[in-house]
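Report on the structure given below.
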Amino acid sequence: MREFLRTKGFKMTPQRELIFKSFFAMGKHVSVDELYDKVRQQDSSIGYSTVWRNLKLICKVGLAEEVNLGDGVTRYDRATETPHGHFYCIDCRKLTEFGMDNIVGQLAIISRENDFVPSGFKIEIQGRCRACRDKRAGEKTTAESAEAQRA
Ligand SMILES: [Zn+2]
Ligand SMILES: [Zn+2]
């Protein structure tokens, strides 16, 4: 990692190393706040903006990318060998990943047909996960049976 950063023209400081290590230990879909909390557990002298700047740096050198789902929280996802898409539950905000092997070929064809050269693909599908659908169904049933009891 140190070597890698040097080739990109960045120095690895102890603080930076801690931030990088924490990020990659956390893995997926990490917000600045979450990373900040984690880093502070080890070194409380690190400021929020330092964490934020280093996250941007991790993205800049291609080791992670931003995931924006329109809920006002930017999450950072470590780069994966093959692109993956996300299912985003609008109730519990959980992100689930899926492989895009089947779709990528299709997207390449569509891009070609539209004379567009893509530099990456991002697919975010919004909806409700199983647990949240069950929960809603449960609430509905309770409401209905309460209704039935009144009748
Ligand atoms: Zn992801
Ligand atoms: Zn959910």
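The values are calculated or read from the model by the stated rules, or taken from the named source; none is laboratory data. Computed from a predicted model, the values in this text were never measured in an experiment. Reconstructed Cβ throughout: ideal geometry from the backbone, glycine too, with neighbour counts over all protein chains shown.
Yes or no: ASN54 more than 16 Å from ligand 2 (Cβ to nearest atom) and closer than 22 Å to CYS132 by Cα? Give the derivation first.
Details: more than 16 Å from ligand 2 (Cβ to nearest atom): yes; closer than 22 Å to CYS132 by Cα: no.
For ASN54, the condition - more than 16 Å from ligand 2 (Cβ to nearest atom) and closer than 22 Å to CYS132 by Cα - is not met.
Candidates in the stretch 88-107 are the residues that are more than 18 Å from GLY120 (Cα to Cα) and part of a strand (DSSP E or B); of these, the one that is nearest to ligand 1 (Cβ to nearest atom) is LEU95. For the stretch 3-21, the tally of residues that are farther than 17 Å from LYS60 by Cβ and hydrophobic (A, V, I, L, M, F, W, C) stands at 1. Considering THR80, THR74, the condition of being at pLDDT below 85 and under 13 Å from the mean Cα position of the chain (by Cα) is satisfied by THR80 alone.
Of the listed requirements (1) modelled with pLDDT of 90 or more; (2) within 16 Å of ligand 2 (Cβ to nearest atom); (3) in contact with a Ser or Thr (Cβ under 9 Å, 6 or more places away or on another chain), VAL32 misses just one: (2).
Within the stretch 52-76, residues that are free of Cβ contacts under 8 Å to residues at least 24 places away in the same chain and over 21 Å from ILE125 (Cβ atoms) have Cβ atoms under 7 Å from residues that are assigned to a strand (DSSP E or B) and among the aromatic types (Phe, Trp, Tyr) in these pairs: CYS59/TYR76, counting only partners at least 6 apart in sequence or on another chain.
The listed residues are GLU17, GLU65, GLU34, and the only one of them that is acidic (Asp, Glu) and part of a strand (DSSP E or B) turns out to be GLU65.
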